[in-house]
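The values are calculated or read from the model by the stated rules, or taken from the named source; none is laboratory data. This structure is a prediction, so every number in the text was calculated from the model and none was measured. Side chains included, ligands, DNA and RNA excluded: accessible areas come from the protein's heavy atoms. Shrake-Rupley method; radii C 1.70, N 1.55, O 1.52, S 1.80 Å.
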Amino acid sequence: MGHLDHAAFGLLTPVLSYAMAVIGAALGLRCTVRALGTSGRSRRNWLITAASAIGTGIWTMHFVAMLGFAVRGTDIRYNVPLTVLSLLVAMLVVGAGVFCVGYGFGRDRVTALLVGGLTTGLGVASMHYLGMAALRLHGSVHYDPLLVALSVGIAVVAATAALWAALNIKLPIAVAVASLVMGAAVSSMHYTGMLAVSVQVEPSGGELPGATAMQFIFPLAVGLGSYLFVTSAFVALSPTERERAAYTSAERPAEAVPAAAATAPAARPASTTNVTTNVTTNATA
């Protein structure tokens with residue numbers, strides 16, 4: 001049985017992975033809140049951004065944490081197609097849950113929340129275990145079924161709680177607190193799933209297929225992390241619907257004043273009026 005190390009670089013990978021989960025959750029929740037205040041194409045675009053943010057944040061969290069994963073007695077490689085598939089699954093399945101809430105909350109709020117939370121949670125769990133299936137090492141990987149079930153349960157509860165926050169919490173401070181909680185829940189799900197792992201090492205001199213974490217995972221995680229930061233800045237700087245409405249209403253009085261001035265009859269200058277009056281008076285006299 002191989003010895004597993006989940007923090008080969010100390011606290012660096014757990015802390016950084018938690019930060020990625022929090023950023024993805026905050027961005028996703030903020031975009032969902034913005035989507036619920038709009039309609040039509042704007043709502044769809046905000047929900048797509050929310051799904052990509054949550055999916056990207058969770059995927060980045062998982063693989064940043066995996067940078068610190070090591071097994072004594074064997075090297076580790078990652079199957080590239082399966083790793084990319086895990087990212088796509090995270091975005092698509094999480095997107096299905098977010099869209100369920102985004103378009104169904106006005107009809108049956110509770111059902112939309114439960115279905116969306118279940119779908120999103122299963123998407124998070126699917127991403128995690130697809131990412132683990134991409135693992136290549138000298139040996140075989142086994143899982144504790146109870147801990148696997150517990151990790152899936154944590155993912156579903158965390159996703160449902162996050163979507164509930166998106167439906168009920170509007171203040172930025174409250175969204176930030178909810179994001180911290182969701183980040184902790186996602187990290188707990190990840191490390192619970194990792195506790196379910198055991199590895200039977202089978203020493204071999206053969207070369208492992210796939211890419212190392214530094215060759216593939218690290219550059220991709222950096223790229224997706226940059227995407228999260230840039231998108232966060234865009235969302236923070238873009239005006240809300242309320243701000244746009246306030247700006248539009250502030251513009252209307254300013255436009256009305258010149259229009260009123262243009263339609264009002266021109267007043268005669270006071271000096272001209274006085275001269276005319278004096279001339280008329282003198283002529284009469």
- [ ] Mind putting together the pair-distance distribution for the range 81-235? All Cα pairs, 10 Å bins, whole percent per bin, short to long.
- [x] 10, 31, 36, 16, 6, 1, 0
Task: All Cα pairs of the range 1-91, percent lying beyond 21 Å - done: 46 percent
Task: Along each principal axis, Cα extent of the range 149-228, largest first, Å - done: 57, 32, 14
Task: Share of pairwise Cα separations in the range 28-150, more than 25 Å, in percent - done: 33 percent
TODO: Would you kindly derive the ³J(HN,Hα) couplings of the range 74-79 from the backbone phi angles with the Karplus curve 6.51 cos²θ - 1.76 cosθ + 1.60 (θ = phi - 60°), listing them in order in whole Hz, with x for Gly and Pro?
DONE: 7, 7, 10, 10, 10, 6
Open item on the list: For q values of 0.20, 0.21 Å⁻¹, compute log₁₀ I(q)/I(0) with the Debye formula on a Cα-only model of the range 101-185, without solvent.
Closed with: -0.94, -0.99
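Percent of accessible area on the range 127-188 owned by carbon and sulfur, 1.4 Å probe?
Using a 1.4 Å probe with all protein chains present, the range 127-188 comes out at 81 percent carbon and sulfur.
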Open item on the list: I need the semi-axes of the equivalent ellipsoid of the range 62-132: take the C-alpha gyration tensor, multiply each eigenvalue by 5, square-root it, list largest first in whole angstrom.
Closed with: 33, 11, 7
